[in-house]
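> Provided herewith is a single structure, encoded as structure tokens, for subsequent inquiry.
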Amino acid sequence: MTRLLTIMGSGETAPTMVKPHRTVFERLEAGAPDAVPAVFLDTPFGFQENADELSAKTVAYFETSLTRTIGVAGIQRIETISTLQREAAFARIRLARFVFAGPGSPTYALRQWAGTPVPDLLAEKLRTEGAVTFSSAAALTLGLATVPVYEVYKSGADPYWLDGLDLLSPIGLPVAVIPHYNNAEGGHHDTRFCYLGERRLAMMEQLLPDGAFVLGLDEHTGVILDLEADTASVVGLGVLTLRRGGISTEIRTGQTVPIDMLRAGPEARSAASPSSTSPVSTSASDTAAVVAPSAGPLGEASAAPSLAGDAARLGAIFDEALANRDAAQAVSAMLDLDEAIVGWSTDTLQSDASTRARALLRSMIVRLGEAAVGGLADPRSILGPVIDVALNARLEVRAAKRYDLSDMIRDGLAAAGVEVRDTPDGQVWELAPLS
């Protein structure tokens, strides 16, 4: 029996999460004679005008990057679909062995799912057989408490919690899930912890029920909870963080630990002082570190991979190649940027960056064309003065009756691709055609 719950901090349709998605599918497919029925739960962004386009991009991502087919549940706004459409959507979720949901608004998603079979269908999948993968906004809904991101960060509401789906308490994890944990989009202001920042997160921690704590996931990072093996595998590029009362324990990517380590929370596992950053011994290997609250407002938030980052890197390579007149390197940078644009095209968070990256690629093409025009200008204008010197020397040696030297100059020019002819009007030359 396979029971997997995968939580991702972001990047659910980015190249960085292809491997974790594939791992989940391969686990489901092991020993299965047919393709795994999969469904995309499109509710979290159902309020957006381009919801259908985002669904299509998600389907294309699984088809292109994973060669897997995924259907769309069709629950964007529950009150606008008929009873038949609702029941058909619930049936798709019930029959699927893989259920996926991602970006949007956690508040909107919870409101749409309230009073429907969706929460029970997800819980049943985790109790019996199947895989649930939630990322970004959808990940926020999994715990016993949910951050109302838009209301707090965008609308200025005082920090508060919403009741979540609480799919994690039954497996011993009384947590609030916070994706985008290391977000650094704010630049000079603190947008870590899914745009809450340290000040607001510290306030919200005090409002959690007794015994509850925060489970945070960095961007482009996930944790695969194998409920049969009772293990947690951190995947992707960052870390999983357990936080209680401002004290955090990090579990690094590539580590597989017992879920009991997560259940214990950060304090119970801390043998070091709260300010220690040395690894804490767990079983046979060091897999976690206890860290104190950040002294600065922004800490050391790492830069998550993005199309904007790829574009900046490849743009710099192109500039250097052009400065060095290295056409091959310039073309390589352009091809890599084109590949990056395609690779990130299904990530719904990269739409603005995609527009800028395409503009950069067009600019590269124009600049390379201009450079080529300069490099492919009429070579007569470049070689002419040099050839004229040689031909004048030839006239001098012919006047001195040194025909042997005259022939030597003519033959040398011929070997270099310059044909010289003597005419009644004097010497004329032309470049030999390229073979």
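> Per 0.36 nm of contour for each residue apart, how much would the distance between ALA60 and SER169 grow if the chain were fully extended, relative to their Cα-Cα spacing?
Details: separation 109, 0.36 × 109 = 39.24 nm, distance 3.37 nm.
Taking ALA60 through SER169 to full extension adds about 35.9 nm, to one decimal.
> So, one more: For region 37-85, what does the alpha-carbon gyration tensor say about shape, rounded, prolate or oblate, given a ≥ b ≥ c as the root eigenvalues, a/c under 1.5 as rounded, and a/b over b/c as prolate? Don't skip to the end; give the middle numbers.
Working: a/c = 3.33, a/b = 1.66, b/c = 2.00.
Here region 37-85 falls in the oblate category.
> Which of the lysines could a cross-linker span from LYS57 if the Cα-Cα distance has to be under 28 Å and same-chain partners fewer than 8 positions apart are dropped?
LYS19, LYS125, LYS154
> Separation between the THR116 and TYR160 pseudo-spin-labels, each 7 Å from Cα along Cα→Cβ, expressed in nm?
Between THR116 and TYR160, the simple spin-label model gives 2.4 nm.
> Spin-label point model (7 Å from Cα, Cβ direction): what's the ALA123 to ASP230 distance in nm?
Inter-label distance under the simple model: 2.2 nm.
> Run lengths n ≥ 4 of DSSP H only: what is the helix-derived mean residue ellipticity at 222 nm for the chain, with -39500 (n - 2.57) per run over all residues, to the nearest 500? Intermediate results must be reported in sequence, preceding the final value.
Values: 14 runs with 181 residues, N = 435.
Taking each H run of at least 4 residues, the total per residue is -13000 deg cm²/dmol.
> What is the extension gain from LEU405 to GLU185, computed as 0.36 nm multiplied by their sequence separation minus the C-alpha to C-alpha distance, in nm to one decimal? Don't skip to the answer; put the middle values down first.
Values: separation 220, 0.36 × 220 = 79.20 nm, distance 7.27 nm.
Additional length available on full extension: 71.9 nm.
> Another one. Subtract the Cα-Cα distance of ALA393 and SER332 from 0.36 nm times their separation in residues, and report this length gain in nm to one decimal. Working shown, then result.
Details: separation 61, 0.36 × 61 = 21.96 nm, distance 4.47 nm.
Stretched fully, the ALA393-SER332 segment lengthens by 17.5 nm.
> Another question about this same structure. For region 3-291, what log10 I(q)/I(0) values come out of the Debye formula at q = 0.07, 0.08 1/Å, with one point per alpha carbon and no solvent?
Ignoring solvent entirely, the Cα scatterers give -0.24, -0.32.
> Using 10 Å bins from zero, what percent of all Cα-Cα pairs in region 307-375 falls into each bin?
Result returned by the calculation: 22, 52, 21, 5, 0.
> Order of 422-431, 39-48, 172-181 by packing, highest average Cβ count within 10 Å first?
Answer by packing, highest mean first, reads 172-181, 39-48, 422-431.
> Can I ask one more? Towards the positive end of the charge dipole of the chain, with charges on Cβ (+1 Lys, Arg; -1 Asp, Glu), say which of GLY417, PRO266, GLN255 has the farthest Cα.
Ranked along the dipole, the leading option is PRO266.
> With each pseudo-label sitting 7 Å past Cα toward Cβ, what's the ALA359-ARG380 distance in nm, one decimal?
In this crude spin-label approximation the distance works out to 4.3 nm.
The numbers here are math on the coordinates, done by the rules we state, and not lab data. This one's a predicted model, so the numbers in the text were calculated from it and none came from an experiment. Counting neighbours? That spans all protein chains shown, and the Cβs are built from the backbone with ideal geometry, glycine included.
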